[in-house]
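A quick write-up on the structure given underneath.
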Amino acid sequence: MKALLYTGPHTLEWRDQPEPTPGNDEVVVRVDAVGICGSDMHAYHGQDSRRPPPLVLGHEAAGVVTSGPNAGARVAVNPLTTCGTCDACLDGRVHLCPSRQLISMPPRPGAFAELVRIPERNAVPMPDSLDFTKAALTEPLAVCLHAVNHGARHLACPVSAARCVVLGAGAIGLGCALVLAMQGAREIFIGETNAARRRTAARAGDFRCYAPGGADEPAASSIDLVIDAVGAVPTRVAASRLVKPGGVIVHVGLLPGSDGLDVRKVTLQEVVFTGTYCYTPLEFRDTLHAIADGRLGALDWFEERPLAAGPQAFRDIDAGAVAAAKVVLRP
């Protein structure tokens, strides 16, 4: 089969790779659509020790099962694999399993390929009416649903009464804003430095998009819920400035570093600062259903490219030359 192989920092190669062979309780999926994630970009930059080269990246996928009794089934791929027996798994918080694995991390090759091997339970059936490209958004949007749910548990008011800011208008930031809208948030701001992405986000929903530091930025200490979908020093500084006393900061971004958080304000004003990672299997399925039902909007803010053109897509994302919030590759 053909696959994109990450061979070193800033290097992806379109090559022949061995076809995957399913083990016990596994299936092979023919990939129809797979998204480029921010974590794929971190690996591409050589900044993710969890993804050493050579490796097939990619974990936001949908396609058709080609092996086993369910061959022919159209599925969204839940890329998170867990032990199923630890306290976290038994408690329903499988995303906190200490032995969790994600396809695109050794020992599991990812989905930037014509075929990918996954546990059978991770192949989630999708409606026949749903496009594979939109089904491939299930994984990142499940991250968003979990982030909003996690933040809502710490809020002093219902989400429907909350003023919210999302920092970053990439797929995760825009997805979080769409989930907030689905859950009825009173007011949703999106801070984004890239003007093209601000325009994309503004078309996606009833959001107040602004350039950080500009006149349209919300006032300091005025926001109930801040979701940092970037995770860089400037966004942690902004989150600390914007959050109101007793408010909540949810940190989704995975960029390296920890500077920028105003710990004194967190302490003196009882601000809740929490990280969030992945999703539960139920949240993954709920997200797929929300996509199919249209509850997350038109989802027309991604760009399609051939998988073979993946190296150029990575370069364009790196150069800030992509206005879309997501690039979806098609084998």
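The values are calculated or read from the model by the stated rules, or taken from the named source; none is laboratory data. Predicted, not measured: the structure shown is a model, and the values here were computed from it. Here the Cβ positions follow ideal geometry from the backbone for every residue, glycine too, while neighbour counts run over all protein chains shown.
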For segment 9-74, which strands (runs of 3 or more DSSP E) that fit wholly inside it have 1 or more residues that are among the hydroxyl-bearing types (Ser, Thr, Tyr) and under 18 Å from the mean Cα position of the chain (by Cα)? none
Looking at the structure I just gave you, is residue 34 farther than 28 Å from residue 255 by Cα, of a type in the set (Val, Ile, Thr) and crowded, with 21+ Cβ neighbours inside 10 Å? no
Residue, surrounded by the fewest Cβ atoms within 10 Å (Cβ to Cβ), within segment 276-320, restricted to residues that are of a type in the set (A, V, I, L, M) and closer than 30 Å to residue 89 by Cβ: 282
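Filter segment 180-209 down to the residues that are over 22 Å from the mean Cα position of the chain (by Cα) and modelled with pLDDT of 95 or more and list them by number. Break it down into steps so the answer makes sense when it comes.
First, the residues of segment 180-209 that are over 22 Å from the mean Cα position of the chain (by Cα): 186-187.
Within segment 180-209, 187 is the sole residue that qualifies.
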Taking only pairs six or more apart or across chains, which ones have beta-carbon atoms under 6 Å, a first residue in segment 221-238 that is assigned by TED's automatic domain parsing to the domain that holds residue 261 and under 21 Å from residue 160 (Cα atoms), and a second residue that is at pLDDT 95 or above and polar (S, T, N, Q)? 228/235
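Quick check on my filter: what residues within segment 162-202 are basic (Lys, Arg) and over 19 Å from residue 141 (Cα atoms)? Full working, then the answer.
Residues of segment 162-202 basic (Lys, Arg): 163, 186, 197-199.
Those that are basic (Lys, Arg) and over 19 Å from residue 141 (Cα atoms): 163, 186, 199.
Could you please give the count of residues in segment 218-240 that are over 14 Å from residue 190 (Cβ atoms) and either of a type in the set (D, E, K, R) or crowded, with 17+ Cβ neighbours inside 10 Å (or both)? Walk me through how you get there before you give the answer.
Kept after step one, since they are over 14 Å from residue 190 (Cβ atoms), are these residues of segment 218-240: 219-222, 224, 231-234, 236-237, 240.
Restricting the remaining residues to those that are either of a type in the set (D, E, K, R) or crowded, with 17+ Cβ neighbours inside 10 Å (or both) gives 224, 231-232, 236, 240.
Counting residues in segment 218-240 that are over 14 Å from residue 190 (Cβ atoms) and either of a type in the set (D, E, K, R) or crowded, with 17+ Cβ neighbours inside 10 Å (or both) gives 5.
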Can you spot a residue in segment 145-160 that is among the hydroxyl-bearing types (Ser, Thr, Tyr), touching a residue at least 24 places away in the same chain (Cβ under 8 Å) and within 13 Å of residue 252 (Cβ to Cβ)? no
From 202, 215, which residue is surrounded by fewer than 24 Cβ atoms within 10 Å (Cβ to Cβ) and part of a loop (DSSP other than H, G, I, E, B)? 215
